[in-house]
1. Here are some conditions: (1) without any contact (Cβ under 8 Å) to a residue 24 or more places away in the chain; (2) open to solvent by 50 Å² or more (accessible area, probe 1.4 Å); (3) β-branched (V, I, T); (4) out of contact with any helix residue (DSSP H, G or I) (no Cβ under 9 Å at 6 or more places or on another chain). V48 meets all but one. Which one does it not meet?
2. Can you name the condition, by its number, that R355 falls short on among (1) out of contact with any Gly (no Cβ under 7 Å at 6 or more places or on another chain); (2) open to solvent by less than 40 Å² (accessible area, probe 1.4 Å)?
3. Go through the stretch 426-458 and report how many residues are in contact with a Phe, Trp or Tyr (Cβ under 9 Å, 6 or more places away or on another chain), open to solvent by 50 Å² or more (accessible area, probe 1.4 Å) and among the polar types (S, T, N, Q).
4. Where in the stretch 55-130 are there strands (runs of 3 or more DSSP E), lying wholly inside it, with at least 2 residues that are over 30 Å from S231 (Cβ atoms) and open to solvent by less than 50 Å² (accessible area, probe 1.4 Å)?
5. Is it fair to say P250 is modelled with pLDDT under 95, buried (at least 18 other Cβ atoms within 10 Å of the Cβ) and not in a helix (DSSP H, G or I)?
6. May I ask you to list pairs of residues, at least six apart or on different chains, whose Cβ atoms are under 7 Å apart, with the first in the stretch 60-80 being closer than 17 Å to Y44 by Cα and the second being open to solvent by 70 Å² or more (accessible area, probe 1.4 Å) and of a type in the set (K, R)?
7. Among the listed residues R417, R450, identify the single one that is at pLDDT 95 or above and not hydrophobic (A, V, I, L, M, F, W, C).
8. Note down all Cβ pairs under 9 Å where the first residue falls in the stretch 12-32 and is without any contact (Cβ under 8 Å) to a residue 60 or more places away in the chain, the second is among the β-branched types (V, I, T) and open to solvent by less than 10 Å² (accessible area, probe 1.4 Å), and they're at least six residues apart or on different chains.
Amino acid sequence: MFNASNASFRDPSGFLFEHKGKLYRQINQSYKSDYDLLINSGLYKILVDKGQLIPHEEVKVKPNIPNVAYKVIEPTLVPFISYPYEWSFNQLKNAALQTLNIQRRAMKYGLSLKDASAYNVQFVDGKPLLIDTLSFEIYEEGKPWVAYRQFCQHFLAPLALMSKIDIRLSQLLRIYIDGIPLDLTSELLPKNTHLNLKLKMHIHMHASAQKKYANLSVQKPENNPYLSQKSFEVLIESLRSTIKSLSWKPIGTEWADYYNETNYSDNAFAKKREVVKNMINKVKPKLIWDIGANTGFFSKVAIEEGSRVISYDIDPCAVDKNYLECKASKEKNILPLLLDLTNPSPALGWANSERMSFIQRGPADMVLALALVHHLAISNNVPLSRLAEFFKKCSNWLIIEFVPKEDSQVQRLLTTRKDIFDHYNKKDFESAFSTNFDIRESISIPGTKRTLYLMEAH
């Protein structure tokens with residue numbers, strides 16, 4: 001049975017489909033010339049060798065729609081799918097620069113990107129990688145870059161808003177799945193960005209041009225402005241320098257500096273590390289979701305045991321620090337991502353099926369929920385029973401930390417609200433989680449009132 005992927009149905013050049021548990025991409029006859037040049041020019045090989053493009057193999061599998069098919073390829077599977085609204089500032093920035101680097105290289109081989117969607121990029125082994133083999137087309141000198149607006153909406157607009165106004169504006173990408181509209185970006189950006197010549201050209205003037213020509217009849221190709229190859233190269237270089245000039249420094253926040261301010265003594269923290277390490281080693285999970293990972297300390301503990309980790313946190317600062325540390329150390333097995341557990345990434349797009357929800361991308365082999373439950377139960381009023389049900393959906397194995405009311409971190413949460421949490425205690429915690437899990441191990445951390453649990457779903 002063939003199942004066409006909901007993530008690629010818009011592309012007339014081809015589409016992804018599943019057959020007998022494997023993922024394939026059908027290439028249509030309409031894309032024959034572009035695909036042949038991609039392969040025969042040597043561009044495909046050099047991009048794969050440089051770690052910029054997902055590898056694939058041509059296979060003898062029946063096409064999903066045979067009458068329009070040219071070839072079927074089997075791409076290397078991406079270990080975990082993430083989305084731009086889950087990336088930190090520097091993840092999005094590096095994905096943008098990778099897209100432009102690929103475009104520069106493609107032009108040397110007579111090709112150009114016809115798509116510059118951020119959704120065509122995934123982080124694999126810590127690096128941004130183009131996963132859409134059908135994003136290229138034969139370059140024709142004089143034609144404008146068809147992906148220019150898409151690149152600006154998917155990359156430049158959110159980065160400019162994050163850099164110049166507020167890092168949280170990245171979440172506009174959840175609302176605008178085709179990229180943040182340039183007219184909206186232009187309106188939101190500070191007036192002084194009109195003095196930045198590159199932002200003025202690529203955002204403000206670009207938005208004005210879109211508005212001016214939006215209601216005009218379609219121009220004939222011969223009337224389109226001529227863009228020489230040299231001018232095209234200047235445009236790409238201008239975009240690169242604009243992206244590079246945008247910055248956001250992850251300064252200290254409540255959670256990014258958590259490990260500097262925790263009430264753990266050095267000995268207690270070392271004991272916690274040892275216990276978590278031993279619990280992971282008993283299960284030997286291949287994939288761990290570290291939820292509430294902060295800057296990834298325990299994610300790094302997990303990879304020492306051979307696991308691959310998706311390192312989630314709500315704080316953009318903590319996630320960006322985690323990513324930059326992983327990048328600096330060339331860490332391949334940790335993927336830091338933004339996650340608000342009280343409002344996780346939903347299923348988005350056409351029929352709510354183009355982008356998967358947080359839960360749909362599971363389950364993991366194990367979840368780490370360290371110093372997390374009190375934030376959800378007290379700050380967000382989520383009952384312990386609902387937490388247990390949720391974590392069971394995420395994984396069969398759970399390492400979870402219970403932080404009692406006597407702990408200074410919980411007391412801090414209660415300073416600004418009335419204590420209505422009569423059932424927030426160790427006994428009721430164990431009772432609530434025992435409905436969905438068997439408690440395999442519980443260990444008190446010396447010098448604290450905290451307890452670590454290893455649980456298995458039943």
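The values are calculated or read from the model by the stated rules, or taken from the named source; none is laboratory data. Given the structure is predicted, the values throughout are model-derived calculations rather than measurements. Positions of Cβ are backbone-derived with ideal geometry, glycine not excepted, and every protein chain shown enters the neighbour counts. Accessible surface areas use protein heavy atoms only, side chains included; no ligands, DNA or RNA. Shrake-Rupley method; radii C 1.70, N 1.55, O 1.52, S 1.80 Å.
1. The one condition V48 does not meet is (2).
2. (1)
3. So the answer is 1.
4. It comes to 69-75, 121-124.
5. yes
6. Short answer, once both residue conditions are applied: E74/K22.
7. None of the other options fit; the residue is R450.
8. Taking only residues 6 or more apart or on different chains, the pairs are F17/V72; Y24/V72; Y24/I73; Q26/V72; Q26/I73.
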